[in-house]
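The values are calculated or read from the model by the stated rules, or taken from the named source; none is laboratory data. This is a predicted model, so every value here is computed, not measured. We place every Cβ from the backbone using ideal geometry, glycine too, and count neighbours over all the protein chains shown. Accessible surface areas use protein heavy atoms only, side chains included; no ligands, DNA or RNA. Shrake-Rupley method; radii C 1.70, N 1.55, O 1.52, S 1.80 Å.
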Amino acid sequence: MPTVEESIDIDRSPEDVFAFLTATETIPAFESQISHIEQVTAGDVGIGTQWRGATNVLGRKFDWVTEVVEYDPPARSHTKSVEGKLPFEIYYTLEPTASGTRFTYRIDAESGLGGIFGKLGDPIVTRAQARTVRTNLANLKEMLEADT
């Protein structure tokens, strides 16, 4: 299962970062590839919460439904796709630091992000996804630190 994992230090508390990452209305601001997202279960975010959305990867749109399978604010969250052509899991890990939070974002794709594009595309798509994740994290840091 190919994995993309990147970390960044953010000068905000783990509670602030976690709240931003798990609010439906702010997810597209952080996840630049998400073109649409809506919470489909009622109530506060927690284990069992589902979102329906669409992601663009290298010009292709993928519809999905995800479900929160681990939720331990403000330390970690694990979300897994439960519908869609491209199975994936996303992990958020937040650790307190002297100046704020170390946030680690990890995505695991079932057959490789390139599986939809063909096995030979896996390394190319994985590298492109890693660049996107690094950019998303830099934008997340900028947004959260500007809001202090």
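Observations
- Filter pass, E25 being assigned to a loop (DSSP other than H, G, I, E, B) and either open to solvent by 40 Å² or more (accessible area, probe 1.4 Å) or farther than 23 Å from T132 by Cα (or both): yes
- Those residues of region 51-62 which are modelled with pLDDT of 95 or more and either buried (at least 19 other Cβ atoms within 10 Å of the Cβ) or over 14 Å from the mean Cα position of the chain (by Cα) (or both), in sequence order: W51, G53
- Candidate set from region 132-148 (those that are loosely packed, with under 12 Cβ neighbours inside 10 Å and at pLDDT 90 or above); member that is nearest to the chain's Cα centre (by Cα): E142
- Restricting region 91-130 to residues that are modelled with pLDDT of 95 or more and open to solvent by less than 30 Å² (accessible area, probe 1.4 Å), the residue that is nearest to Q50 (Cα to Cα): Y92
- Filter result for G84 (open to solvent by less than 30 Å² (accessible area, probe 1.4 Å), of a type in the set (G, A, S), touching a strand residue (DSSP E or B) at 6+ places or on another chain (Cβ under 6 Å) and touching a residue at least 12 places away in the same chain (Cβ under 8 Å)): no
- All positions within region 1-16 that are over 14 Å from the mean Cα position of the chain (by Cα) and open to solvent by less than 60 Å² (accessible area, probe 1.4 Å): P2, I10, R12, S13, P14
- Number of residues in region 28-50 that are open to solvent by 20 Å² or more (accessible area, probe 1.4 Å) and either free of Cβ contacts under 8 Å to residues at least 40 places away in the same chain or among the charged types (D, E, K, R) (or both) equals 16.
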